[in-house]
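Notes follow once the structure below has been shown.
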Amino acid sequence: TSVEIVPAKGCDPVKMLESVVELRNAKVDAVNIPDGPRAQSRMGALATAILIQQQVQGIEPVVHYCCRDRNLLGMMSDLLGAAALGINNLLIITGDPPKMGPYPEATAVFDVDSIGLTNMVSSLNHGLDLGSNPIGKPTSFFIGVGVNPCAIDLDTEIRRFEWKVDAGAQFAVTQPIFDLAQFFNFLKRIEHCHIPIIVGIWPLVSYRNAEFLSNEVPGISVPANILERMRKAEGPEAARQEGLAIAREMLQEVKSSVQGVQV
């Protein structure tokens, strides 16, 4: 089990670290640290992971690393430094475009996408840099990638997923799922890929939250029956409980078909 946390908005990590301790005490195995989620400015994912690794024992940090903000040389430098500091777990993503966030004038780099970056990290794990030059001791990254079981163009999503696996992906984390029929159809179509699938489970907190995910977050499909259940919940506490009930139902339905869960 892993839980996605949000890095601190400023430079004070105390509350974030306290939350990680609570998760560790609740027997969570890993914390996933997003890299500028929704193109917002927050503490860097690598720095956050290092703080967790240094100050909270017994839980694994998983660094989301995206292609949006760095050129190839910057990514190479980051990753070599991360390896030297003992960061082993990566979740490689292309990244949300800046226009989605509060700083739309920011420049996106995108020298490569998540497939190209997966190739690069796989090369580092084989002791080679971008130009196939030896770097000495290889890195030992455990390479994860994102995948969207409810993509509008599922054929393209599956083709890109196959390329990620060919490039060296060792596990995949899905977008939060609410549509079980779509999810099981996706699993059937990627059976040949043979890497662990970590399913995303999102406990809804309100009808507004469900509507936002359905309408504003790319790659998330919230079926009408789930929206209706959240709409009927009377009051904030009832809505939270209904969201938890839906999350438990999702997990119960899929747990025998996947290798882990991200909350």
Accessible area in square angstrom per residue, the chain, 1.4 angstrom probe: 50
Built amide H within the under 5 Å cut-off of ASP129, gap 5+: ILE135
5 angstrom amide H check on PHE142, placed H, neighbours 5+ away: ASN89, LEU90
³J(HN,Hα) computed for each position of region 197-206 - Karplus, 6.51 cos²θ - 1.76 cosθ + 1.60, integer Hz, glycine/proline x: 10, 9, 8, x, 10, 10, x, 5, 10, 6
Interchain or long-range residues, amide H under 5 Å from GLU60's placed H: ALA30, VAL31
Under DSSP loop assignment and at most 13 Cβ neighbours within 10 Å, longest GluC sites (Glu not before Pro)-free interval of the chain: 106-233
Local net charge near PRO61, Cβ-Cβ under 13 Å (Lys/Arg +1, Asp/Glu -1): -3
In order through region 161-169: 3J(HN,Hα) via Karplus (6.51 cos²θ - 1.76 cosθ + 1.60), integer Hz, x for Gly, Pro: 5, 4, 5, 5, 5, 4, 6, x, 4
Apportionment of accessible area to carbon and sulfur, the chain, percent (1.4 Å): 52
Cα-based reach from LYS164 at 12 Å (exclusive), listing aspartates and glutamates while leaving out same-chain residues under 8 positions away: ASP113
Rounded to whole Hz, the Karplus (6.51, -1.76, 1.60) HN-Hα couplings of region 214-223, x for glycine and proline: 5, 9, 10, 9, x, x, 10, 10, 10, x
Helix-only CD estimate at 222 nm, as mean residue ellipticity for the chain, using -39500 (n - 2.57) per DSSP H run (n ≥ 4): -13000 deg cm²/dmol
Rounded to 5, percent antiparallel among DSSP beta bridges of the chain: 5
Semi-axis lengths (Å, descending) of the ellipsoid that matches the C-alpha gyration tensor of the chain: 30, 22, 18
Within the chain, longest stretch free of exposed trypsin sites (Lys or Arg not before Pro) [DSSP loop, at most 13 other beta carbons within 10 Å]: 28-254
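The values are calculated or read from the model by the stated rules, or taken from the named source; none is laboratory data. Remember, it's a predicted structure, so these values are computed and weren't measured experimentally. Ideal geometry is used to build each Cβ from the backbone, glycine not excepted, and the neighbour counts take in all protein chains shown. Ligands, DNA and RNA are stripped out before the accessible areas are found, and what is left, the full protein with its side chains, is counted by its heavy atoms. Shrake-Rupley method; radii C 1.70, N 1.55, O 1.52, S 1.80 Å.
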